[in-house]
Amino acid sequence: MFRYLGVSGREHAGTRKDKPFVEVSKHERVMDGDIAPCEESHDPTIIPFSTAAQVNSCAKRACAAMNNRMKNIMTEKLDNGNEAAVFTEGLSRIYPVGSEDVVGLKDINLRITAGEMAVIKGESGSGKSTLLALMAGLDRPTAGRLIVAGIDLERAPGPLLTRFRREMIGMVFQSFNLLPTLTVLENISLPALLAGTSHTAVRSRANELLHWLGLEPRSGHFPSQLSGGEMQRTAIARALINDPAIILADEPTGNLDSRNAEAVVELLAELNRNGRTIIMATHSTLADTFATVKILLKDGTLIERAGV
């Protein structure tokens with residue numbers, strides 16, 4: 001038997017067959033091996049351990065290593081001035097399908113300044129979701145440069161992408177993507193707990209978001225007990241829990257009735273007015289009046305990028 005720390009911060013007992021993982025401080029997950037002492041691990045993000053004391057020591061080394069990697073890859077500073085929240089140059093994503101290549105995106109040159117509310121338009125299959133997936137670090141470009149929040153995503157190693165997704169961006173999806181076995185409060189809190197934030201701080205931040213979004217009466221409810229609008233507001237709160245610089249929203253109103261769709265767009269616009277960069281892919285015209293930048297895609301190519 002050995003002991004390990006769970007996401008909740010509690011210590012658990014298990015067998016080697018369990019293969020548990022533990023959050024290292026607020027950065028990376030660590031697979032348990034109990035094979036060698038921490039000092040012998042060559043990858044700072046994969047750290048064998050057998051006691052909680054070892055985890056604390058190894059966590060500091062993992063965080064230091066990850067911070068050094070981030071400094072080496074950082075290329076542009078993100079603030080509310082005229083710096084780029086997103087910069088692409090010759091960005092392409094090609095999907096090999098059998099003997100043919102399917103073009104997802106082709107030669108996209110784009111700059112979105114920090115603090116913008118950018119609305120991406122285009123027919124189904126135009127490349128909107130592909131572009132957002134690349135910006136989120138969920139997919140890798142086939143060619144070209146992609147810098148988001150100062151991180152060169154084309155060169156970033158996997159562990160850095162994990163940290164980038166966790167701390168620098170928030171994502172809102174059409175299908176909500178809430179975990180059905182967790183309550184509203186737990187769904188909102190999960191990204192912050194995975195980032196290593198203290199339970200006290202997480203609860204305080206989550207309660208602020210619940211109050212702002214009018215979800216306090218629903219905090220103990222499960223997703224199946226919520227309306228579509230309540231599920232999307234929960235998803236927005238989850239996206240905000242780690243206070244990211246950029247919110248990426250992929251068809252956030254697609255599964256909502258007109259009243260709830262308007263409410264969600266107005267929430268995103270309010271976040272933008274408070275200085276947060278919002279990048280939204282949508283078929284809807286609801287966000288057009290709030291957009292500071294409109295981007296039009298067709299067949300994977302950039303047709304127009306217009307300031308408003």
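Details
- Accessible area per residue for region 127-187, computed on protein heavy atoms with a 1.4 Å probe, is 35 Å².
- For region 237-303, the square roots of the Cα gyration tensor eigenvalues, ordered a ≥ b ≥ c, give a/c of at least 1.5 with a/b no greater than b/c, which places it in the oblate category.
- In this simple spin-label approximation, Glu154 and Asp257 carry label points 7 Å from Cα along the Cα→Cβ vector, and these lie 4.7 nm apart.
- Glu83 long-range amide H proximity, modeled H, under 5 Å: Ala114
- Rounded, prolate or oblate (a/c below 1.5 giving rounded, otherwise prolate when a/b exceeds b/c) for region 195-258 by Cα gyration tensor: oblate
- Here the spin labels are modelled as points 7 Å beyond Cα on the Cα-Cβ line, and at Thr292 and Ala306 they lie 1.9 nm apart.
- Solvent-accessible area, 1.4 Å probe, carbon plus sulfur percent, for region 86-149: 48 percent
- Here each label is just a point 7 Å from Cα along the line to Cβ, and for Arg145 and Thr285 those points are 3.8 nm apart.
The values are calculated or read from the model by the stated rules, or taken from the named source; none is laboratory data. Because the structure is predicted, anything quoted here is derived from the model rather than measured. With ideal geometry, Cβ positions are generated from the backbone for all residues, glycine too; neighbour counts draw on all protein chains shown. For the accessible areas, the whole protein counts, side chains as well, though only heavy atoms, and no ligand, DNA or RNA atoms are used. Shrake-Rupley method; radii C 1.70, N 1.55, O 1.52, S 1.80 Å.
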